[in-house]
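Here's the structure we're looking at; comments come further down.
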Amino acid sequence: MDKWDCRNLRLDGKAVFIAGAGGLGSTIARGVSEAGAKVLLADLDLAAAEKVARTIKKKKGPCRACKIDILNPLQITQATQLCRQSFGGMDVAINCTGINIRKPSLNMTGEDWDRVLDVNLKGAFFFAQCAARTFIRQRRRGKIIALASVLSFFGMENRAAYVASKTGLVGLTKALAVEWAPYHINVNAVAPTFISTSINRETLAGEFKERLIDRTPFRRLGKAQDVVGAVIFLASDASNFITGHTIPVDGGWLSA
């Protein structure tokens, strides 16, 4: 009979490649570092990634920063190579990039639509593809984690492109999980509710904020820290038999 080992929930010695140094990405980077991981943090804004990397290194966590465009597979591949060179391999790849253009659907342009779908869905595919190629080349288990959304599961006004992209990401997660299972690659996603970060703090205010809180059984907005535990679980050995799933972190939103 197999014995449960609580160390399975730690990330000690694992090399984690994270794309996106924004509110969620930076918090996740610090969280996985505190769980024992070595971190490569990449962002189109190199200064933002370097700032987070400095905070991690101040706490003696191994961390490097680099610049990538999520729509450039060559740059993503170069980042995976940097991860391997810096930390002796790559064990987990987490995509925290994403954008939203809030606009009534009747006013949305083709350019608006393409921009959101490109970053949130095409970019997610390129990121996962490059990570999978790295894991296969290493001949060892790998974990791919995407950030979906509570809006992957229901609609909301003025967010048609975002909802479409995040719904598509849930389907993409399932498809890649099935296709890459023979390579021992786990592909999962986390679907946060509305998270208050510096980027969207003005949006999540006033009447809209109260509407969100009223819809949430725990009666508050989500915090970036709320997402970290689910990500660490999916990155750890405790989730080795879980693939193709999206875990909501929503304060009960989808159950209400």
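Exposure proxy for 108, 156, 90: other Cβ atoms within 10 Å of each Cβ, ordered fewest to most, give 156, 108, 90.
Here the gap between residue 202 and residue 107, fully extended at 0.36 nm per residue and compared with their Cα-Cα distance, gives a gain of 32.0 nm. Summarising the overall dimensions of the chain from its C-alpha atoms, the Rg and Dmax are 17.6, 60 angstrom. Computed from backbone phi, the HN-Hα couplings of region 173-186 come to 4, 5, 5, 5, 4, 5, 5, 9, 4, x, 8, 6, 10, 8 Hz, rounded to whole numbers (Karplus: 6.51 cos²θ - 1.76 cosθ + 1.60, θ = phi - 60°; Gly and Pro given as x). Summarising the amide proton neighbourhood of residue 189: residues at separation of 5 or more, or on other chains, whose placed amide H is nearer than 5 Å comprise 146, 245, 246, 247. Net length available on complete extension from residue 154 to residue 57 is 31.0 nm, with 0.36 nm assigned per residue and the Cα-Cα distance removed. Here the Karplus curve 6.51 cos²θ - 1.76 cosθ + 1.60, taken at θ = phi - 60°, turns the phi angles of region 229-236 into couplings of x, 5, 5, 4, 4, 5, 7, 8 Hz, with x standing for Gly and Pro. Going 7 Å from the Cα of residue 256 toward and past its Cβ, which residues in region 175-216 have a backbone nitrogen under 17 Å from where you end up? Once the point is set 7 Å along Cα→Cβ of residue 256, 192-196, 204-216 turn out to lie under 17 Å by backbone N, inside region 175-216. Relative contact order of the chain, taken over Cα pairs closer than 8 Å and 6 or more residues apart, is 20 percent. When only alpha carbons are used to place a centre, region 148-197 and region 127-144 end up 19 Å from one another.
With a Förster radius of 25 Å applied to the C-beta separation of residue 67 and residue 140, the computed FRET efficiency comes to 0.40. Among the GluC sites (Glu not before Pro) within region 122-214, those in coil by DSSP and having at most 12 neighbouring Cβ atoms inside 10 Å are 157, 202. In terms of other Cβ atoms within 10 Å, 183, 162 run from fewest to most in the order 183, 162.
Cross-link partners for residue 3 among the lysines, with Cα-Cα distance under 25 Å and sequence neighbours closer than 8 places in the same chain left out: 14, 143.
Put simply, the amide H of residue 64, placed in the peptide plane, has neighbours under 5 Å in 39, 40, 41, leaving out anything fewer than 5 places away on its chain.
Sparsely packed loop sites in region 1-103 (the chymotrypsin sites (Phe, Trp or Tyr not before Pro) outside DSSP H, G, I, E and B with at most 12 other Cβ atoms within 10 Å) comprise 4. Fewest-first ordering of 99, 76 by other beta carbons within 10 Å of each residue's beta carbon gives 99, 76. Amide H to amide H distances under 5 Å link residue 222 with 194, 196, where only residues 5 or more positions off or on other chains count and H is placed in the peptide plane.
None of the figures in this text is laboratory data; all of them are computed from the coordinates on show. Note that the structure is a prediction, hence the values are computed from the model and not measured. Neighbour counts are summed over all protein chains in view; Cβ atoms, including those assigned to glycine, are modelled from backbone coordinates with ideal geometry.
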